[in-house]
Amino acid sequence: MATAVVLPRLGLNMVEGTIEKWFKKEGDPVEKGEPLVCIQTEKVSYEYESPASGVLRKIVREVNDVVPVSETIGIIGSAEEDISALLSPGEVTPERKEEKVMESRREVAPSEERRVFASPFARKIAKESGIDLNRITGTGPGGRVTKDDVLGFAERQKGKISSTAGETTPCDVMEVRGIRRVIGQRMTESARTIPHISLSVEVDMSELLAFRARILKDLEKEKGIRISVTEVLVKIVSLGLKKYPVVNSTFEGQRIKIFKEINLGVAMAAGEGLIVPVVHKADERSVSEISSRVKELNQKAQTGTLSLEDVTGGTFTLTNLGMYGIDKFTAIINPPQCAILAVGKVSEKPAVEERRVVIKPMAWLTLSADHRILDGKQGAEFLSEVKRLIENPYLALV
């Protein structure tokens with residue numbers, strides 16, 4: 001019996017995924033448990049295994065298609081089996097594929113109407129470029145017009161996209177897909193649906209830097225790790241969340257859910273976008289354990305080997321752009337979390353100490369929080385606690 005391959009739900013909040021790569025072509029034999037298709041979720045790329053053995057009779061959704069969870073993306077069956085019952089209206093069986101391709105390639109008179117099958121990306125690019133899809137020959141499965149067909153047609157038309165009536169401006173087109181597309185969607189959702197409140201405080205980093213310097217050599221010698229400022233901050237922030245647990249929460253319906261675990265997401269640059277791997281139960285880990293875990297996650301992020309467990313379950317996010325020379329910035333909340341803490345660079349600045357002006361290493365912290373959960377007072381209390389621990393880091397070990 002033929003089996004429909006459906007887009008799996010790989011996380012509680014997953015609603016769609018992007019087809020990144022098919023490991024098999026139509027007509028190829030496939031074994032149950034064999035990698036069949038690579039799916040880009042909002043978190044990671046995931047190799048989905050074949051749910052059955054047989055022949056990949058039909059690829060329903062092609063590379064770069066954005067597909068809702070549980071929608072059919074392919075069909076596996078025996079070589080001669082009728083699979084038409086598993087196809088949605090508009091799809092064709094392999095037996096009619098050649099016939100459909102020939103139909104799509106015939107010349108269509110301007111007055112003649114026909115339905116054009118095209119991927120969402122192809123339609124989007126064609127619309128933005130002012131291109132009539134009827135003028136394009138589809139090379140995808142079943143004669144479907146793909147993004148490459150549209151881009152190729154646009155290039156043949158000298159690659160110029162109309163920007164205003166009567167004017168053309170040469171430009172490069174960069175497709176928004178994969179993780180960049182997910183980032184765009186989630187940040188738009190966050191900015192649109194979450195009322196943000198932002199609070200900033202400047203902290204003296206002298207003691208934290210001294211603390212790091214004192215333990216650096218011993219930890220390098222004994223455990224082979226070099227602790228970063230961000231990794232110390234992960235410990236400090238987790239203790240701040242432990243004292244003010246309402247910051248470690250989410251707004252669900254008309255309820256506030258306070259998480260029992262403190263799972264700290266650490267924003268990292270990876271490839272063309274940003275990924276937020278999670279240090280689970282950060283408050284229960286030592287600074288050296290946190291350092292080892294963050295380094296492991298960063299290595300996975302750079303090599304594209306993060307597992308779903310590595311990037312799920314986060315309850316709060318820490319993002320540090322100090323290494324890029326950014327003094328101060330306001331981050332957008334990573335839903336469904338309640339808040340995110342942005343850390344700027346450490347800069348030598350004049351400060352007043354006991355009525356004297358001295359030069360100290362200072363840094364800005366900015367808390368962005370969901371105003372439905374936190375008011376100014378609660379956000380300020382949490383931020384003040386983080387500041388206190390940064391300026392007295394040995395308290396983090398007590």
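What to note about this one:
- Subset tally (residues that are surrounded by fewer than 19 Cβ atoms within 10 Å (Cβ to Cβ) and either more than 18 Å from residue 346 (Cβ to Cβ) or in contact (Cβ under 8 Å) with a residue 40 or more places away in the chain (or both)) for the stretch 206-225: 13
- When residue 90 is tested against (1) at pLDDT below 80; (2) on the phi < 0 side of the Ramachandran plot, only condition (2) is not met.
- Single residue of the stretch 248-262 satisfying the filter (in contact with a Phe, Trp or Tyr (Cβ under 9 Å, 6 or more places away or on another chain) and free of Cβ contacts under 8 Å to residues at least 60 places away in the same chain) that is farthest from residue 371 (Cα to Cα): 262
- Of all residues in the stretch 285-323, those that are in contact with a strand residue (DSSP E or B) (Cβ under 8 Å, 6 or more places away or on another chain), at pLDDT below 90 and farther than 25 Å from residue 245 by Cα total 5.
- Residues of the stretch 370-398 that are in contact with an Asp or Glu (Cβ under 9 Å, 6 or more places away or on another chain) and not β-branched (Val, Ile, Thr): 387, 391, 392, 393, 394.
- Selection count where residues are surrounded by fewer than 19 Cβ atoms within 10 Å (Cβ to Cβ) and in a loop (DSSP other than H, G, I, E, B), scope the stretch 118-130: 1
- For the stretch 306-334, filtered to residues that are within 15 Å of the chain's Cα centre (by Cα) and part of a helix (DSSP H, G or I), the residue that is farthest from residue 204 (Cα to Cα) is 308.
- The lone criterion from (1) touching a strand residue (DSSP E or B) at 6+ places or on another chain (Cβ under 8 Å); (2) at pLDDT below 95 left unmet by residue 250 is number (2).
- Here residue 290 does not qualify as touching a residue at least 12 places away in the same chain (Cβ under 8 Å) and either within 23 Å of residue 15 (Cα to Cα) or not assigned by TED's automatic domain parsing to the domain that holds residue 217 (or both).
- Filtering the stretch 279-305 to residues that are within 23 Å of residue 211 (Cα to Cα), part of a helix (DSSP H, G or I) and polar (S, T, N, Q) leaves 288, 291, 292.
- Filtering 99, 112 for residues that are part of a helix (DSSP H, G or I) and at pLDDT below 90 leaves a single hit, 99.
- Number of residues in the stretch 223-275 that are part of a helix (DSSP H, G or I), farther than 20 Å from residue 367 by Cα and of a type in the set (Val, Ile, Thr): the value is 0.
- The conditions of being in the same structural domain as residue 380 (by TED's automatic domain parsing) and under 18 Å from residue 392 (Cβ atoms) are met by residue 202.
- Look at (1) within 28 Å of the chain's Cα centre (by Cα); (2) under 20 Å from residue 237 (Cβ atoms); (3) not in a strand (DSSP E or B) and you find that residue 372 fails only one, number (2).
The values are calculated or read from the model by the stated rules, or taken from the named source; none is laboratory data. The structure displayed is predicted, hence computed values, not measured ones. Counting neighbours? That spans all protein chains shown, and the Cβs are built from the backbone with ideal geometry, glycine included.
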